[in-house]
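Working notes for the structure below.
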Amino acid sequence: MPGQPCSIDLDFDRCHIWHPYTSVTNPLPVYAVARAYDVFLELDDGRKLIDGMSSWWAAIHGYNNPVLNEAMVSQMQRMSHVMFGGLTHEPAVALAKQLVALTPQPLQKVFFSDSGSVSVEVAIKMAIQYWAALGKTSKNRLLTVRSGYHGDTFAAMSVCDPLTGMHSLFKGSILEQYFAEAPRCRFDEPCTGNDLADIHVMLELRHMDIAAVIIEPVIQGAGGMRFYAPGYLVRLRELCDSFGVLLIFDEIATGFGRTGKMFALEHAGIAPDIMCVGKALTGGYMTLAATLVTESVAETICSGNPGVFMHGPTFMANPLACAVASASITLLKSYDWKASVLRLEAGLLKGLEPCRELKGVMDVRVLGAIGVVELHSPVDMAVVQKKLVDKGVWVRPFGRLVYLMPPFIMHDEELGILTAAVCEIVKTVC
Ligand SMILES: *Cc1c(COP(=O)(O)O)cnc(C)c1O
């Protein structure tokens, strides 16, 4: 590595630490980050990278934000954590107030948890407990669409795309759920009943065993970075109502402005029965998620046996996480974030446009502060990652997708460098 010698023990890392989706016997190189500020990751060897990933959708305000830092420090001086069983605290109450106010009116009850996957587990348990309370214990399966991603724990994994989620590997240990075709109508296309023919048939045939439909509204994230028409969700809401099935929206990736709306469901103007948020909830500072649910679903759950909702994580509603989440939402609302996201959308469209002409490129799509270049064949991660770092940008492609979701505070100049680097790399690998 060029520059200063690395003070972080990369050999130890290589020998002992498991990174996401990696082999310990043949690990890909990892880059040591010494500090992060604004839209930059500063490597241990002194190199500075423009961050195009927002640390997996989370760091919407960039890094080392003074307002968010202050929120955490002042909370820490009061208390970092107390159990949530039998106790409550101001950060949790303040954050729940904000979430109830920001989300559709029917969502009134908030359940805090530690990560997105757990908030999905919670949503699934709520749906099953709801039907059990109504005496319909056979309604305990989930229906979803292909190409989805909902997390890595077992129930969450059971509703991820069966192929990319490697369901065959876990056969017998993973719940078997129902899968309909992924939405085909693109974001800017109309959506007709035809586009829901498959899911309609499944609901018709299997609604007796289905507790809920779970779906990522408008954008399918890690399952393929697919954008689909909001009209699909309007029709899906109608179908769920007519077949007596709950609707769960997973807004973990899309929430807090990423698509140009505070929540992606606003593109469709409808409300789910249960909704999960995470990732950008704390502006990327802490791990925290929440499951929001309607009054009527919550009341039904609590009217059945055993009269309570059966879940309670140790670090539920961690005060540090709640305090920084609250500050992050206040910060987001304190400026014209919509204008920033629209500006990024325009910059991504312009900057990624040259990729469209390239031979290996299948599609280029942009929505809000998300830009995707879809290739015909998968990229060689090890090679591409190094080239991108050498160009001074942090972008982490997966499979056939090279995608960007920059922090909302990124300037046009940095965005220009980011998109130019992506186009250049795509050109060399295609
Ligand atoms: C990331 C993600 C999850 C899982 O969240 P974790 O915090 O990684 O457990 C679930 N659903 C969607 C849509 C996500 O993008």
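Structure values in brief
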{"quantity": "VAL393 long-range amide H proximity, modeled H, under 5 Å", "calculated": "ILE50"}
{"quantity": "Mean accessible surface per residue for the chain, computed with a 1.4 Å probe while every protein chain stays in place, in Å²", "calculated": "44"}
{"quantity": "Inter-label distance, nm, simple model (7 Å from Cα along the C-beta direction), GLU299/VAL82", "calculated": "3.1"}
{"quantity": "Evaluated over the chain, the Cα radius of gyration and Dmax, each in Å", "calculated": "21.7, 66"}
{"quantity": "Global size of the range 350-389 as Cα Rg and Dmax, reported in angstrom", "calculated": "11.2, 29"}
{"quantity": "Residue-averaged [θ]222 nm for the chain, counting only DSSP H segments that reach four residues, each worth -39500 (n - 2.57)", "calculated": "-11000 deg cm²/dmol"}
{"quantity": "Accessible surface of ASP336 - all protein chains present, 1.4 Å probe, nearest 10 Å²", "calculated": "100"}
{"quantity": "Among LYS171, LYS386, LYS48, residue whose mean-square fluctuation peaks in a GNM of the chain (springs only between Cα atoms under 10 Å)", "calculated": "LYS171"}
{"quantity": "Derived scalar couplings ³J(HN,Hα) [the range 390-396; Karplus, 6.51 cos²θ - 1.76 cosθ + 1.60; whole Hz; x for Gly, Pro]", "calculated": "4, 8, x, 10, 10, 9, 10"}
{"quantity": "Anisotropy class of the range 251-338 from Cα gyration tensor, a/c 1.5 cut", "calculated": "oblate"}
{"quantity": "Gain in span if fully extended, LEU175 to GLU357, counting 0.36 nm per residue against the direct Cα distance", "calculated": "61.2 nm"}
{"quantity": "By accessible area with a 1.4 Å probe, ligands and nucleic acids excluded, highest first: order of HIS376, HIS311, HIS167, HIS150", "calculated": "HIS376, HIS311, HIS167, HIS150"}
{"quantity": "Residue pairs, from the table LYS261/LYS427; LYS391/LYS427; LYS48/LYS338; LYS261/LYS359, whose Cα atoms sit over 23 Å apart", "calculated": "LYS261/LYS427; LYS48/LYS338; LYS261/LYS359"}
{"quantity": "DSSP-defined antiparallel bridges as percent of all bridges, the chain, nearest 5", "calculated": "70"}
{"quantity": "Distance in nm between pseudo-label sites at LYS136 and MET166 (7 Å out along the Cβ direction from Cα)", "calculated": "3.6"}
{"quantity": "Listed peptides 209-221, 136-148 by packing density, highest first (mean Cβ within 10 Å)", "calculated": "209-221, 136-148"}
{"quantity": "Candidate lysines for bridging to LYS125, where Cα separation is under 27 Å - those fewer than 8 sequence places away on the same chain excluded", "calculated": "LYS97, LYS109, LYS136, LYS139, LYS171, LYS279"}
{"quantity": "The range 43-91-the range 296-334 distance, computed between alpha-carbon centres (Å)", "calculated": "18"}
{"quantity": "Sulfur and carbon atoms: percent of accessible area, the range 69-333 [1.4 Å]", "calculated": "57"}
{"quantity": "Contour minus Cα-Cα distance for ASP209 and ALA420 (0.36 nm per residue)", "calculated": "71.0 nm"}
{"quantity": "In Hz, Karplus ³J(HN,Hα) per residue of the range 378-384 (6.51, -1.76, 1.60; θ = phi - 60°; x = Gly, Pro)", "calculated": "x, 8, 7, 3, 4, 5, 5"}
{"quantity": "Prolate/oblate/rounded call for the range 120-187, Cα gyration tensor, a/c under 1.5 rounded", "calculated": "oblate"}
{"quantity": "For q = 0.11, 0.18, 0.23, 0.24 Å⁻¹, Debye-computed log10 I/I(0) when each Cα of the range 160-236 counts as one equal scatterer", "calculated": "-0.32, -0.83, -1.18, -1.23"}
{"quantity": "Degrees between helix 319-333 axis and first principal axis of the chain (Cα, 0 to 90, nearest 10)", "calculated": "80"}
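The values are calculated or read from the model by the stated rules, or taken from the named source; none is laboratory data. Not measured: the values here are computed from a predicted model. Cβ sites come from the backbone with ideal geometry, for glycine too, and all protein chains shown count toward neighbours. Each accessible area value is taken on the protein alone, full model and side chains, heavy atoms only, with ligands, DNA and RNA left out. Shrake-Rupley method; radii C 1.70, N 1.55, O 1.52, S 1.80 Å.
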